[in-house]
Structure formats: structure tokens, C-alpha cells
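Participant: Starting off with a structure, shown below.
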Amino acid sequence: MKKKLLLLSLCGLLIVSGCGGQKVKLKDGKEIVASIKGKEITAEELFDELKSQYGTTTVVNAIDEYIANKEVKTTDTMKENAKKQIEEMKQYYESMEQSWSDVLAQYGYKDESALVDDYVLNAKKEEVVKNYLKKEVTDEEINTYYDKSIYGTYTAKHILITPNTEDDMSDEEKEAVEEEAKKTAEEVISKLQNGEKWADLVSEYSEDEASKEDEGLIADFTKGDVVDEFFDAVVDLKDNEYTKEPVKSTYGYHIILRVKATEKPELKDVKDKVITSIVDNKLTNDTNLYNNTWVKIRESYDLKINDSTIKDSYNK
């Protein structure tokens, strides 16, 4: 950002006349921007150096900003999301006893609103990329994702046994605590099989405080809403059936009772969601896809670079 601002500022000084000082010129008419004994640096030399170092980045940023602003409108949601992220960043730096105004200045921002604008622009650029990629998603990709990744909704109850490990425990101690939690979960399953009531066991054993008061109820979830181990276990159950072995997840050991499930939605009702998920997965799995897509987007706008230095750099 600082380099970008520096380039724009210096280029402005080279182009705009009457910027606060008298111009000194050589006999051939070249303007001298600085000199030392035995050496003058001309505006032409300065411009060529700036162009070779920052020219391509500056040109590309200007092009991408134009396209993003043309294709995507700024929304209040974008601004609010930007402010939330910046507030988190601000709190982090201040917790490290760093001045927020100094941090902004260090990265070339005159104030916080300029940083908000940058965040909003990046959000718009990302949306441009996603919109472009959505148009390239094939029917085969849509059908495959729908068949493998779209489910109905499920409602289940669970009892969670959490291993109470501490960071300063040895591996052997942690393993012992894990084993104890698993044994407790197995005891709960034995009690269910012996006819004890689900509600009583939830109240006595479950460590999920968020659902404990409602018999461990987790309602209307689908894939991605809960951890995979939990979801896969629920899918494999029938209504009113519970797991006969503890289900381990990052939260601990679950005993799960499936309550009900809804039918899988029709493709036409979730097609937009499917396409969005496909594009998100592609961007996550291919770190080069974002930049490569911007190359295609610029080409779709008939990008032509006339300057040979910038053109060679861009092509590389």
C-alpha cells in the first residue's frame, strides 16, 4: 500500500506543474528532480525506475479496482463487515500496546476510513471472481455435488462427555483422562440399554450446557452445521435409535439419539447454494485460482498494455 501511494504521489509530481517548487532543467530540456555533486537525477530516470519497480502492480490495481466498482455495488453489509474485521484488528494491536494510528500510518493509511475502503474493495474483487467462476460451473459438477453433499435436515439429541484435559498434563495423563471419558460414555449407553430414561441421563451426565436443559436437543441441522463425526453418525441412525458406541469428536464423546429427518431438497431449490459451494471449494483448494481468474476477467475487458516494460512484467 505504501509503495502504491508513493508511486502515485511521485508520478503526480512529474506530471502536474506548479507543485510548490521551481523546475530545474538540463540543456536538453530534461527536468532535474534531485542532484548531488557530479550527478543529476532526471524526472525521466525517476519515472523509469518507479515504473520498473511498481508500474505493473499499480496499473493492475487500477484496472481491477475499475472492474470491481463497475460490476459490484458497495453495500452497507460490506461496510459493516469491514468495520467488524478492522475493530478486531484494532483490539489486537492495542492489546499489544501499539498505537492504532501508528499502525495505520505504517501501512500507508491516512485514517481508518481509508482502510475500510480497502476492505470493501477486496470484498468486491472477491465477488467479481466468484461471479465469473459461477458461470463456468458445469451441470455435471452441480449434479455430482448435489448427489454427494446435499442432505435434508436432521433433529437429534445427545449426551456429551468431555475429557477434562489440561495443557500442562503429560501425554500419558491426557490419554488416561480420554479413556475415563470414553468409559463414562459407555456406561451411559449401558444404562440406556437397561431402560433408564434419556432425560435423566442427560441431566446427570451431559456437559453440553447449551442443550442440556432441553434433553440435549439439536434441531434442524444439516451437513456443515455440526462436526462431521456427529453428522455422519446421525445419518446412519434410524428415527428414535441411539448410537451403541460413543461417537468421538473434537468436543469429546457423544451418545446420539436421532429424533427425525426431512427429505433431501430438490435440486432446483438449492441450485444456487450448490454452485456457491462448488466455487468456494475450488478457491479453497487452488491457491492460484483467484489470480488466474483475474487474468481471464481482464482479458474479457480487452486489456491492452502499450508500455513494453509493464507489458513484459505483466506477461511474466
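Participant: I'm trying to understand the selection: among the residues of region 192-206, which are in a helix (DSSP H, G or I) and of a type in the set (Ser, Thr, Tyr)?
Facilitator: Across region 192-206, the qualifying residues are Ser203, Tyr205.
Participant: Give me a count of the residues in region 101-111 that are over 17 Å from Asn61 (Cβ atoms) and surrounded by 15 or more Cβ atoms within 10 Å (Cβ to Cβ).
Facilitator: Counting residues in region 101-111 that are over 17 Å from Asn61 (Cβ atoms) and surrounded by 15 or more Cβ atoms within 10 Å (Cβ to Cβ) gives 2.
Participant: Something else: From Glu266, Glu299, Glu245, Glu241, grab the single residue that is within 30 Å of Gln193 (Cα to Cα), among the acidic types (Asp, Glu) and either surrounded by 16 or more Cβ atoms within 10 Å (Cβ to Cβ) or without any contact (Cβ under 8 Å) to a residue 24 or more places away in the chain (or both). Working first, answer last.
Facilitator: Details: Glu266 fails: within 30 Å of Gln193 (Cα to Cα); Glu299 fails: within 30 Å of Gln193 (Cα to Cα); Glu245 fails: either surrounded by 16 or more Cβ atoms within 10 Å (Cβ to Cβ) or without any contact (Cβ under 8 Å) to a residue 24 or more places away in the chain (or both).
Being within 30 Å of Gln193 (Cα to Cα), among the acidic types (Asp, Glu) and either surrounded by 16 or more Cβ atoms within 10 Å (Cβ to Cβ) or without any contact (Cβ under 8 Å) to a residue 24 or more places away in the chain (or both) holds for just one of Glu266, Glu299, Glu245, Glu241, which is Glu241.
Participant: Here is a further query. Is region 184-206 home to any residue that is under 34 Å from the mean Cα position of the chain (by Cα) and exposed (fewer than 11 other Cβ atoms within 10 Å of the Cβ)?
Facilitator: Scanning region 184-206, I find no residue that is under 34 Å from the mean Cα position of the chain (by Cα) and exposed (fewer than 11 other Cβ atoms within 10 Å of the Cβ), so the answer is no.
Participant: Looking at this structure, is Lys148 assigned to a helix (DSSP H, G or I) and loosely packed, with under 13 Cβ neighbours inside 10 Å? It would help to see each step written out before you state the result.
Facilitator: Values: assigned to a helix (DSSP H, G or I): yes; loosely packed, with under 13 Cβ neighbours inside 10 Å: yes.
In short, yes.
Participant: A further question follows. What residue, among those in region 253-291 that are within 18 Å of the chain's Cα centre (by Cα) and of a type in the set (S, T, N, Q), is farthest from Ala219 (Cα to Cα)?
Facilitator: Asn291
Participant: A further question follows. Identify the residue in region 272-291 that is among the charged types (D, E, K, R) and loosely packed, with under 14 Cβ neighbours inside 10 Å and, among all such residues, is farthest from Asn143 (Cα to Cα).
Facilitator: Asp286
Every number here is computed from the coordinates shown, using simple stated rules; none is lab data. Just so it is clear, the model here is predicted, and its values are computed rather than measured. Because the Cβ atoms are built from the backbone with ideal geometry, glycine has one as well, and the counts that use them run over all protein chains shown.
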